[in-house]
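What follows is a short report on a single structure.
Here, each number is a calculation from the coordinates, and none is a lab measurement. Only a predicted model underlies this, so the values are computations on that prediction, with no experimental measurement involved. We place every Cβ from the backbone using ideal geometry, glycine too, and count neighbours over all the protein chains shown.
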Amino acid sequence: MDRMEEDETIEACKRGDMAAYQRIYERYEQPLLRTACRMLRRQEDAEDAVQETFLKLHRGINGFRRGARFSTYLFRILLNTCYDVLRLRSKAGFEDLDADLLPHYSSHEAEHCLMEAVEALPRQMKACFLLFAVEEFTQDEVARILDISVGSVKVNVHRARQKLRAWLAVSLEGGKA
Amino acid sequence: MSCEKFDKYEMGELSAQEFERHVSECTSCREQSGLETRLTAETEALRAPVRAPYLWERIEAGLREEMNGNTGRSDKKSALRRFHKKWLILVPAAALFLAAVGLAAIFALKQKIPASGLLADKALENIELKEREYIRAIQDLEKAARPKMAGMDLEMMSLYRDRLGTIDAQIERCREALAANPANAHIRRYMLAALQDKQETLIRVLGNQD
């Protein structure tokens, strides 16, 4: 979907066109789901967060300014929704997840190894790394999505890489043994 | 031991040429560069597709519900303003009631949950009763908060509405889970936290200055 097509789709969403929402879903489904899965570590919650993101998008789409970057806007809604869920979990004392509430998480073996290390990162560091290194947003865009400074994004991505390299070094060492 | 030049290079404080010159004579930086290449390659695996069958159908149903439910919202605004003063009386009463019921619910929950996590029948009945009272009190607070929200600027209104929407979705999911397993103390604790969060958010709405 190019920029012009995206603008037209957004205008159609403002008119309540369901097919336009579906086009947005098809375009962003995977990056949104991936990010939510990694932030929330539970697919069921991630799906709820994506659904909630679309409902919030619908409620706020009339306020979306033409010319602003849509993906940044959409991811900002998603990340705020994820943070709300994490805040609730932490309030309930569920920093880690209960098995009975977590039936679905599964992934490819190789991905799962790095995933564990990424998931162990502190919340903001993880969000910065996922948006910058996995979803390939620029540092400016990540800063706008997370409402933090570009400097803070830089530092967070740098520290995330440091931690992940250290994890990689240990796991490669373990593999040799 | 990591060399500080690698950090500087990664933070953009050292040019690629300078780093290349340095890396040829620094074992630590060579090692870190190798790990970085490996990390970049492994990051690719994080882009593996996530399957979520029927997610669009759920979103579509939710959107249709919103679209139908939203009609006439602006007409309601002026009607809601007429009740603007009513919340001034309702708030202190509702907040007081909430505090009392909330404390009772927390107390009951803490006292009655056996170590196994399964609640005895009598205690469960008691908790459900307190929970219903707590939910009713929050509903009263929500009614009182509506005119205040209707009078907010669009950005603030949408901020609070989104937050309350997320909390309501969590409460709903807990209710569904509890319908299947009423004695699960973990879900009940999660629901209680969501209810407390809703209470605090509504109190913030009511305390918000226009």
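Quick look at the values:
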read-out	value
Within chain A: Cβ-based charge dipole about Cα centre, in debye rounded to nearest 20 (Lys, Arg +1; Asp, Glu -1)	780 debye
Shape call, the range A:1-106: gyration tensor on alpha carbons, a/c limit 1.5	prolate
Average beta carbon contacts from partner chains per residue of B:186-193, 10 Å cutoff	4
Neighbour net charge for residue B:40 - beta-carbon separation under 11 angstrom, K R +1, D E -1	0
Gaussian network model of chain A, Cα within-10 Å springs - most flexible of A:132, A:75, A:64	A:64
Across A:14/A:56; A:56/B:198; A:14/B:148; A:91/A:154; A:126/B:5, pairs whose alpha-carbon gap is larger than 20 Å	A:14/B:148; A:91/A:154; A:126/B:5
Dipole magnitude of the range A:1-106 about its Cα centre (Cβ charges: Lys, Arg +1; Asp, Glu -1), debye to nearest 20	500 debye
Förster-model FRET efficiency, 41 Å R0, residue A:120 and residue B:156, C-beta, rounded to 0.05	0.70
Likely footprinting exposure, A:10, B:138, fewest C-beta neighbours within 10 Å first	A:10, B:138
Difference of contour (0.36 nm per residue) and Cα-Cα distance, residue B:125 to residue B:11	35.2 nm
Averaged over A:50-59, number of beta-carbon atoms from partner chains that fall within 10 Å	6
Number of partner chain Cβ atoms within 10 Å, mean per residue of A:6-19	1
Potential extension, residue B:57-residue B:143 segment - 0.36 nm per residue separation minus Cα distance	27.8 nm
Linear extension gain, residue A:149 paired with residue A:90, 0.36 nm per residue minus alpha-carbon span	18.7 nm
Between the range A:1-65 and the range B:1-71, the alpha-carbon center distance in angstrom	22 Å
Chain A: proportion of alpha-carbon pairs further apart than 27 angstrom, %	32 percent
Rounded to the nearest 20 debye, dipole of the range B:4-45 from Cβ charges on Lys, Arg, Asp, Glu	120 debye
